[in-house]
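Notes to accompany the following structure.
The values are calculated or read from the model by the stated rules, or taken from the named source; none is laboratory data. A quick note: this is a predicted structure, and the numbers were derived from the prediction, not measured. Cβ: placed from backbone, ideal geometry, glycine included. Neighbour counts: every protein chain shown.
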């Protein structure tokens, strides 16, 4: 666990890569608030790495050069690249790319189990009976590694390649990572797993700051043109563990947001509508909540695209409602998901969501304004039900759909749900269903392992996050989906 101490405040991240990313975002945001970003943009690397002593790389000059690239991505990245996931080539450290290789642990045993299990005859032996792998024949099935009693065969695949389960990452002529946008689903798995932070997600943090500043909040009034709403993902219940959730809500408002709404209320609405759609469809549905999963179906299983639920995601659903009740609203989604940064740019979603930031970026916003949320009074966040809040973890959507069927007295419909935890599980379920080998009428797809709580934009990742989300769900005032949906009206103080 990596931490940064700032004015006696302690913030937690999983890795030093996240910590470095946070520092860049914080300084970019600080300059943006002051209106000096483009005057001082070239000085930000020196602010983070002052002096002449390197902290991470071979020399301070390479560190600053890479930080300069990180700053570019923090202010929007390559405008010619439609993907929100980008590679910083100068930071890519030419990781080994040999695939399966025999190490010195090979004992030249007599059993030759590796040879026996290889169906491509890719294993041979030298005069000392040490194994060798013919790369021209090897298909990297991994059977030889599994069979070796000495664990002498290792997979030296790059971390980003291993993390990408849709095979969107290869190497360019300079041996740096390259992303195939036609395959990439922007899930951010490579972002979190790259040990050098050479792959990262574009930030819209300066757009959000500009939006807030133009809303002219002075502590009591907003301008008459628009108000900026913060829409927080249910995964927030597992984040910001150093403070209380009510303090996080207060901090968001202190940044200048008009109010804070739960995206989990949109999840309640989606569960209610999706269950009815499922009962009426006569066949099967796949969920529409995870944008990376939806994108995966379109790119890898296009023949199944007609079975994707026609409902918008919870984010877009509640944002659509907010804008229908307040035409002056601008909505910023805050969550753990990098794929949401692609989703909000879609034609079907763009009218409702104005920008997206991650929890990492929200932390950077707090610190850029020197807001210590632990010192704030607790505000409330009570828009959704238990079932809407547990959308954040794998299986939560299926549980909510089951409950919605029950509450709408659609008990005659037999729900046969499969909850897919991670894109590999999604692939297996979709493959089986495409071959009529899966007895299910509802496929819940979550691209990140664990669900949204495993998203690349989380501050921390871990098993405890699931328990925290369930605890957060049980604190909901509305105990049923019907109660939450029937109360779909914003508080009077929000409308004023």
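If you filter the range 252-288 down to residues that are in contact with a helix residue (DSSP H, G or I) (Cβ under 9 Å, 6 or more places away or on another chain) and assigned to a loop (DSSP other than H, G, I, E, B), you find that the one that is farthest from residue 478 (Cα to Cα) is 283. The residue of the range 144-171 that is surrounded by the fewest Cβ atoms within 10 Å (Cβ to Cβ), among those that are part of a helix (DSSP H, G or I) and more than 32 Å from the chain's Cα centre (by Cα), is 147. Taken together, the criteria exclude residue 410 from residues that are touching a strand residue (DSSP E or B) at 6+ places or on another chain (Cβ under 9 Å), in the same structural domain as residue 309 (by TED's automatic domain parsing) and under 28 Å from residue 306 (Cβ atoms). From the list 28, 84, the one residue that fits, being over 19 Å from the mean Cα position of the chain (by Cα), crowded, with 21+ Cβ neighbours inside 10 Å and at pLDDT 95 or above, is 28. Does any residue of the range 195-211 turn out to be in contact with a strand residue (DSSP E or B) (Cβ under 8 Å, 6 or more places away or on another chain) and surrounded by fewer than 20 Cβ atoms within 10 Å (Cβ to Cβ)? The answer is yes; a qualifying residue exists. Taking the numbered list (1) in a helix (DSSP H, G or I); (2) in contact with a helix residue (DSSP H, G or I) (Cβ under 6 Å, 6 or more places away or on another chain); (3) under 21 Å from residue 398 (Cα atoms) in turn, residue 295 passes all entries but (2).
Of all residues in the range 316-351, those satisfying the criterion of being closer than 19 Å to residue 206 by Cα and part of a loop (DSSP other than H, G, I, E, B) are 336, 337, 338, 339, 344, 345, 350. Determine if the range 173-181 includes at least one residue that is in contact (Cβ under 8 Å) with a residue 12 or more places away in the chain, over 29 Å from residue 297 (Cα atoms) and out of contact with any strand residue (DSSP E or B) (no Cβ under 6 Å at 6 or more places or on another chain). Yes. In the range 322-334, the residues that are over 19 Å from residue 356 (Cβ atoms) reach residues that are in a strand (DSSP E or B) with C-beta atoms within less than 6 angstrom, at least six apart or across chains, in these pairs: 328/227. Selection of the range 442-465 for residues being modelled with pLDDT under 75 and touching a helix residue (DSSP H, G or I) at 6+ places or on another chain (Cβ under 6 Å) yields only 465.
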